[in-house]
Amino acid sequence: MENMIINHWAVLAAAIFNMLLGAIWYSPVMFYNGWKAENQLTDEQLKNANQAKMYGISFFLAYLMSYNMAFFLGDANTDWQWGLTAGFLTGFGWAAAIFTCIALFEQRSWKYICINSGYIIIYFSVIGLILGTWR
């Protein structure tokens, strides 16, 4: 544990990145309409949702995931290549894989799975890159 390096500012930046990526990924420019249709949500339902609760809990969980990844990448020898690789493997091999299993049993569409899994894979890849680079 003496070679463990956790950059707390990088962890915060990774959590903030989660919110920024989500804002772009699920925007009308990208996948908002497809995501909304696949979830059978209306603009009215989304407007009436408790925004403070959704964004507050989402940021807390993004911060938690970022710290978790920072501990996995905490070895002093970690660099940006390993950070990116570990992030991709986490996103693709763990998070998106279990998300897909759950979505299949919920009988969700491949469009739904691809929209959300794409976000998950990119998110973990980039936070791995951030944490691997900003030592």
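Quick note: the coordinates plus some simple rules give every number you see, no bench work behind them. None of the values given here were measured: they were computed from a predicted structure. A quick note on method: Cβ atoms are made from the backbone with ideal geometry, for glycine too, and the neighbour counts reach across all protein chains shown.
Report the net charge of residues surrounding Leu131, where surrounding means a beta-carbon distance below 14 angstrom and charges are Lys +1, Arg +1, Asp -1, Glu -1.
-1
7 Å from Cα along Cα→Cβ at both Ala49 and Asn68: what's the point-to-point distance in nm?
Once both label points are built, they end up 2.0 nm from each other.
State, as an integer percentage, the relative contact order of the chain based on alpha-carbon contacts under 8 Å between residues 6 or more apart.
The value is 40 percent.
Under a straight-distance cross-link criterion of Cα-Cα below 18 Å, which aspartates and glutamates are reachable from Lys111, leaving out those fewer than 8 residues away in the same chain?
Candidates past the 8-residue exclusion: Glu38.
If the chain between Asn7 and Ser58 were fully stretched, how many nm would it gain, using 0.36 nm times the residue separation less the Cα-Cα distance?
16.2 nm
List the residue ranges in the chain for DSSP H helices whose C-alpha atoms run 15 angstrom or more along the long axis and whose Kyte-Doolittle average is -1.0 or above.
Going by DSSP H runs, the hits are 8-25, 51-72, 110-133.
Going Cα to Cα from Lys36, which aspartates and glutamates come in below 19 Å? Please leave out same-chain ones fewer than 8 positions away.
Hits, sequence-local ones excluded: Glu44, Glu106.
Tell me, what is the FRET efficiency for Cys101 and Met30 to the nearest 0.05, using R0 = 25 angstrom and their Cβ-Cβ distance as r?
0.50
Give me Thr42, Thr78 ranked fewest to most by other Cβ atoms within 10 Å of their Cβ, as a rough exposure proxy.
Listed from fewest to most nearby Cβ atoms, that is Thr42, Thr78.
Rounded to the nearest angstrom and ordered from largest down, what semi-axes does the equivalent ellipsoid of the chain get from its C-alpha gyration tensor (root of 5λ)?
On the way: eigenvalues 173, 58, 28 Å².
Square roots of five times the eigenvalues give 29, 17, 12 Å.
Going by how many other beta carbons lie within 10 Å of each one, how would you line up Phe105, Phe92, fewest first?
The most exposed by this proxy come first: Phe105, Phe92.
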